[in-house]
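Here's the structure we're looking at; comments come further down.
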Amino acid sequence: MTDRPGRPDRPEADDSDRFGPSTDGGERTDEPAVSRTHEGGPAGSEPDVLSGRSRRLVSLIGRYRVPIGLIVLVLFLRPLVSQPWALGFGRIAATMLIWMLFVASFNLLFGFTGLLSFGHAMFFGFGTYGVAIAVSRFSLPFVAGAVVGITFASAFGYLLGRLIVNKGEIYFAMLTLAVAQAVYFVANRNPYELTGGSNGITGTVPPWIETYRGETTVVLGGLSVDWYWAVAAVFLICALGLWQVLRSPFGRSLIAIRENEALARAMGVDTERYKIASFTMSGALAAVAGALLAISDQGAALETLGVLTSGDAVLMAVLGGVNYFFGPLAGVFVWLFAEDYLTDFEVLYFPLREFVLVSVDLSGVLEYWRFLLGGLFVVIVLLSPKDGVWGFLRGLVTRVARVGERLGGGSRER
Amino acid sequence: MNTDTDTNAKIDTDANLRRDSKAGTGTDANAIVRTDGGTDPSIGTTVGSGPSSSSPSLPERARAWLAGLSPVQQGVGLVICALAALAFVVQPGLFVDQFVGGLVYGMILVMVALGLALVLGLMGVVNFAHGALFMLGAYVAYQFVAVLGLSFWAALVLAPLAVGVVGLVMEIMVLRRLYDQEPVIGLLATFGLTLMIEELVRAIWGAAPLGFPIPAVLSGAIDLGVTQVGTFRLFIVGAAAVSVLAVYALISRTEFGLTVRAGVQDAEMSAFLGVNLPLRFTATFFLGAAIAGVGGVLQAAQFGMGTGMAQQFIILAFVVVVVGGLGSLFGSVLAGLLVGEATYLTPVILNSLASATNLAILDLQGVRGIVPFLVMIVVLLVRPRGLFGEEGFLE
Amino acid sequence: MVRVSDDSDTEGVDAEAAGTDAAIGTTTTTGTEAATSGTAASATRPTSDDSPREAAVGTVGLTRKFGEITAVDDVSLTVPRGELRAVIGPNGAGKTTLFNTVTGALSPTAGSVWLAGEEITDVPQARRPHLGLARSFQGNELFTDRTVLENVRIVVQTTQQGPFRLDLFRDAGPVGRERATELIERVGLAAELDSVARNLSHGDQRRLGIAMALATDPDVLLLDEPTSGMSPGATARTADLIEDIQETLGLTVLLIEHDVEVVLSISDRITVLDRGAVVATGPPEVVRDDPAVQDAYLGGMRENE
């Protein structure tokens, strides 16, 4: 530590400062892009300009940018989508957060452990059905249903993980898909009149939920809060938990497994147990999202368990960028936004109808928007399968920052 | 494409490093190999292993395979056979009817799974879009027969060719870029292609279920003594068997199959020997797509078609390939038949058992849909690599 | 970037090399018992006197088959504590498979593996590094998208925590940083601490691999062609590095190496494999003159070159 042949001129403080964020980023997700940002970005010139306190602040923001980002997301998502130029209604914001949690749980497996689960809908469904069955069939409180659903999902994930986690990525993808299909079949058979078969379960409204004109409100002890904020609280807790898992030594081991499993094992990482643990956690987290969905949708739909739900999770995560913490969240946002925006074309069509020129009827084409998304997905996978929209945005920001810096630097010189 | 798979390589070089880089294991094994190319019995075991490709005869191989099972596994097999015999005795008509049903179903599954296993074994790509190609076969046949008024026979030839061409385009435009990548990337890309094809089908033919008539020659029934069986069902079995055997022979017996298999083992060496490998891979892909197309036509003629069939059958094909063992064509064929029969016979066996023991609780109607998955889970618990899986394949 | 680092590397290693010259002498002296016993056995087939069960690392009748092919054929090895043993043989002799079987990446078809007097044949691969058995890989197996520091830290963390630990509630940031930095400096990569592993030069990647193997705190180190693809200069430096590490840490080293110069200069004894079987074992000069080795190995070498 004392003799450092390479760089005697580098002050210790500077070293650790650079380090903190960049290694944090590493733990979290952020691929070389981060270190590039830090190296190529203003880090080099800033220390001279900024005082020690603001530098510490910058480093603190860097270190905690995921929690900060999550809070910002939760605060602004609903107002944003409610804008008339956006979707025009806020109800979808809660659904978005639920899906974000679901897809983030999927990405704990795929993006951070390297296991592609093509059947993640089953865990989502365990949560949903757990709550729906408990509330609608047995009149149990919501929490009991949620606990049962989440526990079941964890146990199922653990046992299934023990069975299939060590069979290689491809096996894992095929087997999760097949098992999820089996779960779907079971739910469809309506065993003991529990799952309601293809009709699913409806009317799951706990006593503390009030709905009026499509707006769902939580009423607890005289306190009345919009359902969105209840979802937001759970989302925030879970997402922060996920973030903590990823930055912990445990998360570092997961990333090592993703990067090179054979090497990790050769270096003494019990990859099987880590993968099982990751699968279990991921399943539990998906079930939490599912439990919320049961309230949002006031029931459980069979499609929640279907292949398409699992597939959507894969699509959203890859679309958003599986290498980043915010990637899947961005993917969900883009996806659900596009779905609503494109399929409910009337929303846009109405104000535009007056202009004769704009009345090109796109609705026929946009009805098949999944075709376009499928194509976009293929292109993303071929070009850069792990970056997605979020990676693209990051690259863009980095490039803009670099250009800005160059311009700023130039003006300063002048 | 992992290491141990490569141990059957027969070309004496160390050029497999590219493939071995992932786990760094087993490299040396590749190199201790003989140069006696085609006649080496070990070639066939990884891909394209089958009754015809290896020198020991089928009965010998079967005996060796059976000897490799543990007593418990043999016992379970015997119990299942005994139960099937019981069911046959109790309800012979139903049993034979369902047996043929299982055979039809199994053959269709084999036709989907075979192309999947072929592409997976030879090129290391899991083609999720294979179910979509199967579905495309059905819809194109519908277009030919019901819309354009061509005969069923023309559709049976033309639709698979059309599907093959779609597969060709797919391979050239997308999959060719994925051969050097992790298998998961291929799975994702083909998943995207599935969505596109499904959406396209929905746009062209709509979401409602469709069907077309079968030719009059085949619309009768044949009396099998205990029951009547539709001629077309037997035709499906026959046509499927012919296609499967043809693909088999092509891969295991011909120069073409040999070079493709060699290329899988050692791309550089094959390129060195002047084999145009991309062309042969493309041809293989065409073949896999076309045979899925044949399956689609037959399935549609018998059962009709819907937009859900792509997902449904790709999942079943996955199940079949997993049960058969990744990397084994022979395993996929056998597993397809096994899954098909299990799906159709399990309800009969349960029903017979219920009436024989007077325990109504055993008669689980509607168990059928989940049987393939139960078979899969049981096989995985008992033989983790599937029936004929290779150690280390894609692990 | 790479240029600069190479320069600083050279400095670092030269400094180390100064100490290594002396070390060579020591190695020879420490290795004498081994060398003499080897000479006594006159470098032929392994005798039954060998006792793999008490050696630092050993195998008894180790066999690994791939289908019809026997990659490792009844290999019994005895590597005493502190020895630097080279394993040589033509391409396809089964050297890497031997390593894979010893480290547990492959399970043996027959035979047993011993580490410090304990049988470890059935110990899962991930446990073995924690028992003191480490390896580096022939290909550059790294966590390629992570920094040099992160690569080593992952291993340091694993070594500190054991094969599995649900360590969820703290930041991984500080874990293992000091130790990792120390090891990176030791192999002469201090200047590359924050470089992404994939951007390193080939030689630096090899060193990183060695640093990672060292991060497991090994007693026995298996190095698979640590100098392959290196320039003569880099090869010499790496050889010095290996010798230095072995010397200062008191390691037992098992080394697969193609470079004859390296093998002859740093190994205490040499085991020659051909077609999976041991052809000869003994001190370098004896093995070099063994006709069977001339036949199997040097013939093979000539063919390959």
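How about the stretch C:157-174: which of its residues lose at least 40 Å² of accessible area in the presence of all protein chains relative to their chain isolated, using a 1.4 Å probe?
Those residues are C:Q157, C:T158, C:P163, C:F164, C:L168, C:D171, C:A172.
Using just the Cα positions, wrap the stretch C:128-186 in a convex hull and report its mean projected area in square nanometres, one decimal place.
Working: hull surface 19.4 nm².
The directionally averaged projection comes out at 4.9 nm².
Across the stretch A:371-381, in residue order, what do the Karplus-derived ³J(HN,Hα) couplings come to in whole Hz, using 6.51 cos²θ - 1.76 cosθ + 1.60 with θ = phi - 60° and x for Gly and Pro?
Karplus-based 3J(HN,Hα) across the stretch A:371-381 equals 4, 5, 5, x, x, 4, 4, 4, 4, 4, 4 Hz.
Can you list the HN-Hα couplings for the stretch B:84-101, worked out from phi with the Karplus curve (6.51, -1.76, 1.60; θ = phi - 60°), rounded to whole Hz and with x for Gly and Pro?
Result, rounded to whole Hz: 4, 4, 4, 4, 5, 5, 5, 9, x, x, 4, 4, 5, 4, 6, 4, 5, x.
Please list, ordered by chain and number, the residues whose modelled amide H lies under 5 Å from the amide H of C:L255; skip anything fewer than 5 residues away on the same chain.
C:R85, C:A86, C:V87, C:L223
Can you give the accessible area buried between chains A and B, summed over both chains, with a 1.4 Å probe, in Å² to the nearest 100?
On the way: alone 21630 and 17110 Å², together 34890 Å².
Answer for the A-B pair: about 3800 Å² buried.
Hey, can you grab everything whose amide H is under 5 Å from the amide H of C:D74? Only 5+ residues off in sequence or another chain; H modelled, so Pro and N-termini drop out.
Excluding prolines and chain starts, which carry no amide H, the hits are C:T63, C:R64.
From the phi of every residue in the stretch A:248-260, what ³J(HN,Hα) in whole Hz does the Karplus formula 6.51 cos²θ - 1.76 cosθ + 1.60 yield, where θ is phi - 60° and glycine or proline is x?
My calculation for the stretch A:248-260 gives 7, x, 4, x, 4, 5, 4, 5, 4, 5, 4, 5, 6 Hz in order.
Amide H neighbours of C:A55 under 5 Å, at least 5 residues apart or on other chains, H built in the peptide plane: list them.
C:G117
Run the numbers on the stretch B:113-324 and let me know its relative contact order in percent, using alpha-carbon pairs under 8 Å that are six or more apart.
On the way: 282 pairs, mean separation 91.5, N = 212.
Answer for the stretch B:113-324 is 43 percent.
Could you tell me the largest-minus-smallest coordinate of the C-alpha atoms of the stretch B:113-324 on each of the three principal axes, in descending order and whole angstroms?
Principal-axis extents of the stretch B:113-324 (Cα, largest first): 56, 40, 33 Å.
Label 7 Å along Cα→Cβ of B:L168; the stretch B:275-294 residues with amide nitrogen under 14 Å?
B:279-291
What does the accessible area per residue of the stretch B:113-324 come to in Å², with a 1.4 Å probe and no ligands, DNA or RNA counted? Can you show the working numbers first?
Working: 7090 Å² over 212 residues.
Spelled out: the 1.4 Å probe surface of the stretch B:113-324, per residue, equals 33 Å².
Quantify how strongly other chains surround peptide B:172-182 by giving the mean number of their Cβ atoms within 10 Å of each of its Cβ atoms.
On the way: counts 0, 2, 4, 1, 0, 3, 3, 0, 0, 3, 5.
Whole-number average of other-chain Cβ neighbours for B:172-182 is 2.
With a/c under 1.5 counting as rounded, go ahead and sort the stretch A:66-307 into rounded, prolate or oblate using the C-alpha gyration tensor (a ≥ b ≥ c being the square roots of the eigenvalues; past the cut-off, prolate if a/b is larger than b/c, else oblate).
Numbers: a/c = 2.16, a/b = 1.37, b/c = 1.58.
Oblate shape, in that a/c is at least 1.5 and b/c is the bigger or equal ratio.
The values are calculated or read from the model by the stated rules, or taken from the named source; none is laboratory data. Worth saying up front: this structure is predicted, and the values here are computed from it rather than measured. Reconstructed Cβ throughout: ideal geometry from the backbone, glycine too, with neighbour counts over all protein chains shown. These accessible areas exclude ligands, DNA and RNA; they are computed on the full protein's heavy atoms, side chains included. Shrake-Rupley method; radii C 1.70, N 1.55, O 1.52, S 1.80 Å.
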